[in-house]
1. Would you be able to tell me the number of residues in the stretch 151-172 that are surrounded by 14 or more Cβ atoms within 10 Å (Cβ to Cβ), closer than 22 Å to CYS102 by Cβ and not aliphatic (A, V, I, L, M)?
2. Go through (1) surrounded by fewer than 12 Cβ atoms within 10 Å (Cβ to Cβ); (2) farther than 14 Å from ASP62 by Cβ and name the single condition ASN19 misses.
3. Of everything in the stretch 116-127, what is part of a helix (DSSP H, G or I), in contact with a helix residue (DSSP H, G or I) (Cβ under 7 Å, 6 or more places away or on another chain) and surrounded by fewer than 18 Cβ atoms within 10 Å (Cβ to Cβ)? Give them in sequence order.
4. If you check ILE222, ILE218, which single one turns out to be in contact with a Pro (Cβ under 7 Å, 6 or more places away or on another chain) and over 26 Å from LEU90 (Cβ atoms)?
5. Surrounded by fewer than 14 Cβ atoms within 10 Å (Cβ to Cβ), assigned to a helix (DSSP H, G or I) and either within 24 Å of the chain's Cα centre (by Cα) or among the aromatic types (Phe, Trp, Tyr) (or both): does that describe GLU213?
6. For the stretch 59-106, what are the residues that are farther than 24 Å from LEU1 by Cα, touching a residue at least 60 places away in the same chain (Cβ under 8 Å) and open to solvent by less than 20 Å² (accessible area, probe 1.4 Å)?
7. Assuming VAL29 fulfils every condition listed in (1) open to solvent by 20 Å² or more (accessible area, probe 1.4 Å); (2) of a type in the set (Val, Ile, Thr); (3) in a helix (DSSP H, G or I) apart from one, which condition is it?
8. Pairs only if they're at least six apart or on different chains, beta carbon under 8 angstrom, first in the stretch 193-214 and of a type outside the set (S, T, N, Q), second part of a loop (DSSP other than H, G, I, E, B) and open to solvent by 80 Å² or more (accessible area, probe 1.4 Å); list them, first residue then second.
Amino acid sequence: LRMMRAVRFVSQLSFQIENETIQALAKLVHLLDNIAVERKRAEFEKLLIGKNKNNALKILLDANIHSFLPDLKEQRQQLEKLISFNSTNLNKNEMWSLLIYCLNLQPKEIELFLKEWRLALKDIREIQLVVHFLSKRLEQDWSIYDLYSAGRDHILSTEKLYQIINGNNEVESIEHWLKLYENLPIKERSEMNVTGNDVMAWFNKRGGPWLKETLLTIEENILAGKLENDIEKIKEWLMKCNQK
């Protein structure tokens with residue numbers, strides 16, 4: 001484990017490693033097979049958020065340490081891509097998200113990869129969400145509904161990654177999307193002034209797929225500014241829609 005710790009110190013403390021020690025890393029790296037994944041992950045995560053992470057990752061590759069880390073053995077080129085980014089200001093989960101982007105993992109593969117690293121389920125879900133919104137953001141601007149679905153923290157993480165991948169540093173762009181989010185009429189469904197019970201009572205119908213669709217339609221129209229978040233206005237609007 002001290003082999004990984006040495007590389008982690010390069011990242012965290014900007015230490016340099018003596019040539020003899022570098023040679024010893026390459027020679028003895030196979031011993032990492034004896035180390036539990038959880039302990040490797042702890043060192044790797046500290047490495048990922050260090051200020052000198054790119055130099056540390058280069059040593060990781062030079063000493064072939066990556067070959068003894070979960071699912072990274074055949075990923076030299078992808079790790080070199082990770083090194084090419086200026087990812088100084090990213091937190092732990094944002095770095096995992098950037099790594100997943102570099103590995104070009106499909107949605108179904110992300111959970112399997114992170115489970116190999118023994119990440120907590122909460123962190124896995126957070127990373128999956130950021131990667132989901134990042135893939136959308138790389139294709140197009142935020143929609144109002146995506147801003148609403150993502151929430152402030154995920155918007156911020158996604159935008160930081162988007163800027164890094166595109167080689168930008170446009171603080172104004174991040175502020176623009178966060179301001180749009182802050183100006184949304186609602187931030188979550190619980191803030192709608194109508195419930196499923198209200199809608200069922202108005203139409204005298206039991207719940208079912210129609211109710212979910214109706215609440216989603218109300219939500220989308222409130223977010224788009226086409227419908228006021230007022231129970232009487234919502235009822236009136238729904239009745240009109242139902243008559244068409």
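The values are calculated or read from the model by the stated rules, or taken from the named source; none is laboratory data. These numbers were taken from a predicted model, which means no experiment stands behind them. Neighbour counts run over all protein chains shown; Cβ positions are idealised from the backbone, glycine included. Surface areas here come from the heavy atoms of the whole protein model, side chains and all, with no ligands, DNA or RNA. Shrake-Rupley method; radii C 1.70, N 1.55, O 1.52, S 1.80 Å.
1. 7
2. Among (1) surrounded by fewer than 12 Cβ atoms within 10 Å (Cβ to Cβ); (2) farther than 14 Å from ASP62 by Cβ, the lone unmet condition for ASN19 is (2).
3. ASP123, the sole residue that qualifies.
4. Residue meeting the stated conditions: ILE222.
5. Numbers: surrounded by fewer than 14 Cβ atoms within 10 Å (Cβ to Cβ): yes; assigned to a helix (DSSP H, G or I): yes; either within 24 Å of the chain's Cα centre (by Cα) or among the aromatic types (Phe, Trp, Tyr) (or both): no.
Criteria not met by GLU213.
6. SER87, LEU90, GLU94, SER97, LEU98
7. It is condition (1) that VAL29 fails.
8. Here the result reads MET200/ARG206; LEU211/LYS205, each pair linking the stretch 193-214 to a residue that is part of a loop (DSSP other than H, G, I, E, B) and open to solvent by 80 Å² or more (accessible area, probe 1.4 Å).
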